[in-house]
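Take a look at the structure set out below.
Just so you know, all these numbers are worked out from the coordinates, no wet-lab data involved. Nothing here was measured: the structure is a model prediction, and the numbers come from that model. As a convention, Cβ positions derive from the backbone with ideal geometry for all residues, glycine included, and neighbour counts pool all protein chains shown.
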């Protein structure tokens, strides 16, 4: 469960707690920005590991610190690459590539470093989350499912607009900075909730329900939106979100197993 806990920590720190101010400070290579992000990584990791038990406590602590240090170094390299390769919001594909490469490196580092180091949660029963996947059986698998659900739901806020801009350049949308503590448009929260519901259906094998919720949402918005906005923005965005959710689930399910 060490790997699962660190993956959840990464997801919360990168996509939920990282504020717009932190992102801007990092883009300007301000040490304060990387410090804020490192602190968020440390706090979430500690909170997730406090209930854990391990015979390798020192190893767990050292590996956690190493993961955080490498995470910040990778973020620095990403910001450096963006500054050199992307100017004036051009080269849309490069933005998608850098985001994807950054995340693949982060997740791979976590899985490689945590390796065979084991922690357990004898006093931390996740039975109350068993509705996510009744067949999960163990707390480790439930924690893995929580990671997949949170990661896909919140990473989509960043990645889906970038993909939309590549596939539909004439209807470019602003690259978002999602601030969990700030006032966000209802659309972003609805998209997060939609992906969470779709993933819960998939985890429980309710595949027809997935098609049903996408069809229902598309029909309702078709009736209330003007046709130009529906076909130019809403429908492509909905399809990209659905394809991303399903494909990311298939990839992550195998990647973290």
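Could you pull out which residues in region 217-240 have an amide N less than 20 Å from a spot 7 Å beyond the Cα of residue 207, following the Cα-Cβ vector?
239-240
So for the pair residue 70, residue 251, with labels modelled 7 Å out along Cα→Cβ, what separation do we get in nm?
Rounded to a tenth, the inter-label distance reads 1.9 nm.
Measuring from label point to label point, each 7 Å out along Cα→Cβ, what is the residue 232 to residue 215 span in nm?
A separation of 2.9 nm, rounded to one decimal place.
Please give, to one decimal in nm, the separation of the simple spin-label points placed at residue 59 and residue 47, each 7 Å out from Cα toward the Cβ.
2.8 nm
Sorting check: for 45-55, 194-204, 62-72, which peptide has the highest mean count of neighbouring beta carbons within 10 Å, and how do the rest follow?
The peptides rank, most packed first, as 194-204, 62-72, 45-55.
Taking the Cα of residue 85, stepping 7 Å toward and past its beta carbon, and measuring to each backbone N in region 94-114: which are under 13 Å?
94-105
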